[in-house]
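The values are calculated or read from the model by the stated rules, or taken from the named source; none is laboratory data. These numbers come from a predicted model, not from an experiment. Positions of Cβ are generated from backbone atoms using ideal geometry, with glycine treated the same way; all protein chains shown enter the neighbour counts. Heads up: the accessible areas ignore ligands, DNA and RNA and are worked out on the full protein's heavy atoms, side chains in. Shrake-Rupley method; radii C 1.70, N 1.55, O 1.52, S 1.80 Å.
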Amino acid sequence: MPRKVAVVNRYRCAYCGACVSVCKFNANELIETFLQIYEDRCNGCGMCVKVCPMNALEVIECST
Amino acid sequence: MFDVVVVGAGPGGSITAKTCAENGLNVLLVEKRQEIGVPVRCAEGISKSALERFVEPKKFFISREVVGAKIYAPDGTEITLSEERAGNEVGYVLERKVFDRYLAKLASNAGAEVLVKTTAYAFERKDGIVRVKLRRMGEEWEVETKIVVGADGVESRVAKAFGIDTTLKPNELESCVQYLMTNIDFDPDYCHFWLGKSIAPGGYIWLFPKKVGANVGIGVMPSLAKRSPKEYLDDFVSERFPNGRIVELVAGAVPVCGEIESAVADNLMLVGDAARHADPITGGGIANAMKAGYYAGKVAVEAVKRGDFSKNFLKRYDKLWKDDFGKDLARKRKLQQKLIKMDDETLNKIFRSIPKNIKELSVRAIVLEIFKKHPKLLWDIKDLIL
């Protein structure tokens, strides 16, 4: 079943943590200075995409 | 066993650790990044009184002093506020890279143990204490503590680990980008603020002078913005500072949801951005974070003395920060909700109606003046300001 998940473009990300502050699924974490997305917890709602100051996130369809 | 483990070595965390250590507690201060203070996520402004309440000002961490603030309406109409009247963020422009390290050093000098490049990734409450799982460079181990202080910023995961949901909505944060710019022309004696829906929806653009160049940044409210803050800022910069050079880029998010119900749980206190302590109008966070850190430290000392780390006891910390600035956060959140609805023409009208002959402008004086001229306009926000 294809499902939606957020992915990060590491070349754009400025590791600020904005996306982490709005994720109610605990699906991301700012580890030191890189962003880790936990795909199994992400439901593809796109809230993180909306608040990212760098346009570094997008929601894509992925087949699991 | 530690008395207190503080997660996050920003100003809030370091002041907490310093206060605890000075009072004889056994403290561990953990910072996930390998360098304290870097990358900066801040415009670096703080008022002189707010800084001096906790730290003696030192030349080496103050990048620039300013005498006031200039605020611009969308049509360019300008008002000037003197430093004492411009709020918690205007007076000193810090060098956070140096300042944050200095505060961590003060904590360390007082006796706190400091660990960098170390993540506190899990917390387990058992028998009235907390097991904190730590990870550094692939190595994992556990420490025990009586109290955890979450000073882990806007992206706080400590809060959630202890059952406090501080998840922000798109109308409860400012999404920010800032450039350190050189080769630009500005009045270096002032911090500058540009308002307006077309410039920065739900936020503003700032310019804070530094020793070299200036921090030029923007915050927008994602619920109102049609583009990313970087795109709005690039428009502004290319129009106003076409010859400017960008020598640093930082991004960040500022919680502007106002006062949260409680910043404590059993064995836990939250401090600074993690507790959403930033000012909902200005976005300034250093002043409140340091105050909160001081209060959290004081309550931790008492809690250890009593051997009581329950939520019920730690509520004393809630009372302290709420009595100091919690009500102000709530009031400013309400005011913010009104301000973000104002269109550019209304803002222009308000700015133009402020008489130039008021010598010492204060926010209060301005509101009184506007109130005389536009009673209808200001009627609904007067309670919030006066």
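Using the reciprocal of the averaged 1/r over all distinct C-alpha pairs, how large is the Kirkwood radius of chain B in Å? Can you show the working numbers first?
Details: mean 1/r = 0.0466 Å⁻¹.
It is 21.5 Å.
Take every DSSP beta bridge whose two residues both sit in the protein assembly as shown, then give the antiparallel share in percent to the nearest 5.
On the way: 64 of 84 bridges.
Rounded to the nearest five, the antiparallel share is 75 percent.
Express the accessible area of chain A per residue in Å², computed with a 1.4 Å probe while the remaining protein chains stay in the model.
On the way: 3430 Å² over 64 residues.
Per residue, chain A has 54 Å² of solvent-accessible surface.
Would you mind getting the accessible area per residue of chain B, heavy atoms of the protein chains only, 1.4 Å probe, in Å²? Mind showing how you got there, number by number?
Values: 16000 Å² over 386 residues.
Using a 1.4 Å probe on heavy atoms only, each residue of chain B averages 41 Å².
Normalised by the residues of region A:2-63, what does the relative contact order come to in percent, with Cα pairs under 8 Å and at least six apart? Each step should come with its number before you reach the end.
Numbers: 114 pairs, mean separation 31.0, N = 62.
Taking the mean separation of contacting Cα pairs over the length of region A:2-63, I get 50 percent.
When chain B is treated as a GNM, springs tying every alpha-carbon pair under 10 Å, which of B:Lys226, B:Lys315, B:Lys197 comes out with the largest mean-square fluctuation?
B:Lys226
In Å, what is the Rg of the alpha-carbon atoms in region A:2-63, and how long is Dmax?
Considering region A:2-63 through its Cα atoms, Rg and Dmax are 10.4, 31 Å.
Ignoring everything except DSSP H segments at least 4 long, calculate the 222 nm mean residue ellipticity for the protein assembly as shown; use -39,500 (n - 2.57) per segment, divide by total residues, nearest 500. All intermediate terms of the calculation are to be shown ahead of the outcome.
Values: 14 runs with 132 residues, N = 450.
My calculation for the protein assembly as shown gives -8500 deg cm²/dmol from helical runs alone.
What is the distance in Å between the Cα centres of region B:146-165 and region A:23-64?
So the two Cα centres are separated by 20 Å.
So which cysteines in the protein assembly as shown don't have a second cysteine's C-beta under 4.7 Å from them?
A:Cys13, A:Cys16, A:Cys23, A:Cys42, A:Cys45, A:Cys52, A:Cys62, B:Cys20, B:Cys42, B:Cys176, B:Cys191, B:Cys257
Go through B:Ala274, B:Ala86, B:Gly153 and say which Cα lies farthest out towards the positive end of the charge dipole of the protein assembly as shown; charges sit on Cβ, +1 for Lys and Arg, -1 for Asp and Glu.
B:Ala86
Would you mind computing, in nm to one decimal, how far apart the modelled labels at B:Glu124 and A:Cys62 are, each placed 7 Å from Cα along Cα→Cβ?
So the two model labels end up 2.9 nm from each other.
Using 0.36 nm per residue of separation minus the Cα-Cα distance, give me the extension gain between B:Ser262 and B:Arg352 in nm, one decimal. Spell out each step's value before the answer.
Details: separation 90, 0.36 × 90 = 32.40 nm, distance 4.10 nm.
That pair, B:Ser262 and B:Arg352, stretches by 28.3 nm at full extension.
Among B:Thr77, A:Asn9, B:Gly284, which residue has its Cα positioned farthest towards the positive end of the charge dipole of the protein assembly as shown, with +1 placed on the Cβ of Lys and Arg, -1 on the Cβ of Asp and Glu, and the dipole taken about the Cα centre?
Ranked along the dipole, the leading option is B:Thr77.
Can you give me the relative contact order of chain B as a percent, contacts being Cα pairs under 8 Å and 6 or more apart?
Details: 852 pairs, mean separation 77.8, N = 386.
Relative contact order, chain B: 20 percent.
What does the charge dipole of region B:225-342 about its Cα centre add up to, to the nearest 20 debye, if the Cβ of each Lys and Arg holds +1 and the Cβ of each Asp and Glu holds -1? Provide the component values of the computation, followed by the final result.
Values: 22 positive and 16 negative charges, 85 e Å.
About 400 debye.
Give the calculated FRET efficiency between B:Asp234 and B:Lys319 to the nearest 0.05, with a Förster radius of 60 Å applied to their Cβ-Cβ distance. Let's see the in-between values first.
On the way: r = 45 Å, r/R0 = 0.75.
The computed FRET efficiency comes out at 0.85.
Take the Cβ-Cβ distance between B:Leu249 and A:Lys4 as r, set R0 to 41 Å, and report the resulting FRET efficiency rounded to the nearest 0.05. Provide the component values of the computation, followed by the final result.
On the way: r = 30 Å, r/R0 = 0.72.
With a Förster radius of 41 Å, E is 0.90.
What are the principal axis extents of the Cα atoms in the protein assembly as shown, in Å, biggest first?
64, 56, 42
In Å² (nearest 100), what accessible area is buried between B and A, both sides summed, heavy protein atoms only, 1.4 Å probe? Walk me through the numbers on the way to the answer.
Details: alone 17070 and 4530 Å², together 19430 Å².
Summing both chains' loss of accessible area gives about 2200 Å².
Quick one: divide the alpha-carbon radius of gyration of region B:73-187 by 2.2 N^0.38 Å and tell me what you get. Walk me through the numbers before you get to the answer.
Working: Rg = 20.5 Å, N = 115, 2.2 N^0.38 = 13.4 Å.
Here the Cα radius of gyration is 1.54 times the empirical estimate.
Just to verify a number: FRET efficiency for B:Asn171 and B:Glu302, C-beta to C-beta distance, R0 = 45 Å, to 0.05? Show your work: numbers first, answer last.
Numbers: r = 37 Å, r/R0 = 0.82.
Using R0 = 45 Å, I get an efficiency of 0.75.
Suppose every K and R has +1 on its Cβ and every D and E has -1 on its Cβ; what is the size of the dipole of the protein assembly as shown about the Cα centre, in Debye to the nearest 20? Display every interim value, and only then the final one.
Numbers: 67 positive and 59 negative charges, 131 e Å.
So the magnitude is around 620 debye.
Quick one: dipole size for region A:2-63, taken about the Cα centre, charges +1 on Lys/Arg Cβ and -1 on Asp/Glu Cβ, in debye to the nearest 20. Kindly include the intermediate steps, with their values, before the conclusion.
On the way: 7 positive and 6 negative charges, 35 e Å.
So the dipole magnitude of region A:2-63 works out to roughly 160 debye.
Using the Kirkwood formula on the Cα atoms of region B:12-84, what hydrodynamic radius do you get, in angstrom to one decimal? Intermediate values should be presented prior to the final figure.
On the way: mean 1/r = 0.0635 Å⁻¹.
One decimal place: 15.7 Å for the Kirkwood radius.
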